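S.K.: Take this structure first; my questions come after.
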Amino acid sequence: MPRSDVPQPTQLELQILRILWDLGPSPVRAIHKRLQAENGTIYSTTVKMLAVMMEKGLVRRDERAQPHVYRPTLSRARAGKRLLSDLIDKVYDGSAMSLVMQALSATKATPDELDEVRRLLDQVERKS
């Protein structure tokens, strides 16, 4: 999978991205309201984090809107794929199968989840 120039988000940056994915494009106050409720973040920290995230290319700011509106540059699915890819590389030496086996053995999968895994495996086999 090709790497993006956008760095992996930190824990707090990921929390802000999740807020934006849930709320959609939002002004600082809406983002801060959620951050403050979740972990007591002060307003200046929220503003600073959004500025850092803009520098990193994790969010964009629409300055035509008043107040300014922030939006993520990565979709939830794209960020998840990137994080998962890094996890597979760093922890499982590039083996997706090792990750899958660990995940399936770590928790009890429901019958519906197991059916979905079987469907995905069938899809992968058909593509091979």
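S.K.: May I ask you to list pairs of residues, at least six apart or on different chains, whose Cβ atoms are under 7 Å apart, with the first in the range 76-96 being in contact (Cβ under 8 Å) with a residue 60 or more places away in the chain and under 16 Å from Leu14 (Cα atoms) and the second being open to solvent by less than 50 Å² (accessible area, probe 1.4 Å) and aliphatic (A, V, I, L, M)?
M.R.: What qualifies is Ala79/Leu17.
S.K.: Can you tell me which residue within the range 4-63, out of those that are modelled with pLDDT under 95, open to solvent by 90 Å² or more (accessible area, probe 1.4 Å) and farther than 21 Å from Arg82 by Cβ, is nearest to the chain's Cα centre (by Cα)?
M.R.: Glu38
S.K.: Any idea how many residues of the range 23-38 are touching a helix residue (DSSP H, G or I) at 6+ places or on another chain (Cβ under 8 Å), touching a residue at least 12 places away in the same chain (Cβ under 8 Å) and in a helix (DSSP H, G or I)?
M.R.: Residues that pass the stated criteria total 6.
S.K.: Restricting the search to the range 64-98, which residues are of a type outside the set (Asp, Glu) and open to solvent by less than 40 Å² (accessible area, probe 1.4 Å)? Steps first, answer last, please.
M.R.: Initially, the range 64-98 is screened for residues of a type outside the set (Asp, Glu), giving 64-85, 87-88, 90-92, 94-98.
If the condition is that a residue be of a type outside the set (Asp, Glu) and open to solvent by less than 40 Å² (accessible area, probe 1.4 Å), then Ala65, Val69, Tyr70, Pro72, Leu74, Ala79, Gly80, Arg82, Ser85, Ile88, Ser95 are the ones that fit.
S.K.: Moving on to the next point. Give the residues of the range 39-58 that are in a helix (DSSP H, G or I), farther than 11 Å from Glu13 by Cα and among the hydroxyl-bearing types (Ser, Thr, Tyr), sorted by residue number.
M.R.: Tyr43, Ser44, Thr45, listed by residue number.
S.K.: Another question about this same structure. For residues in the range 99-128 being of a type in the set (Gly, Ala, Ser) and either under 23 Å from the mean Cα position of the chain (by Cα) or in a loop (DSSP other than H, G, I, E, B) (or both), which is surrounded by the most Cβ atoms within 10 Å (Cβ to Cβ)? Quick ask: steps written out before the conclusion?
M.R.: Of the range 99-128, the ones of a type in the set (Gly, Ala, Ser) are 103, 105-106, 109, 128.
From the residues that got through so far, the ones that are either under 23 Å from the mean Cα position of the chain (by Cα) or in a loop (DSSP other than H, G, I, E, B) (or both) too are 103, 106, 109, 128.
Numbers: Ala103: 11, Ala106: 8, Ala109: 14, Ser128: 5.
Checking each candidate, the answer is Ala109.
S.K.: With the structure loaded, tell me whether Arg60 is within 28 Å of Leu20 (Cα to Cα) and not aliphatic (A, V, I, L, M) or whether it fails that test. Break it down stepwise before answering.
M.R.: Values: within 28 Å of Leu20 (Cα to Cα): yes; not aliphatic (A, V, I, L, M): yes.
Yes; evaluated as a whole, the condition is true for this residue.
S.K.: I need the full set of residues from the range 62-98 which are of a type in the set (Lys, Arg) and in a strand (DSSP E or B), in order please.
M.R.: Here is the first cut: in the range 62-98, the ones of a type in the set (Lys, Arg) are 64, 71, 76, 78, 81-82, 90.
Scanning the range 62-98 gives a single hit, Arg71.
The values are calculated or read from the model by the stated rules, or taken from the named source; none is laboratory data. Keep in mind it's a predicted model, so treat the numbers as computed, not measured. Cβ coordinates were reconstructed from backbone atoms using ideal geometry, including for glycine residues, and neighbour counts include every protein chain displayed. With ligands, DNA and RNA removed, areas are computed over all heavy atoms of the protein, side chains included. Shrake-Rupley method; radii C 1.70, N 1.55, O 1.52, S 1.80 Å.
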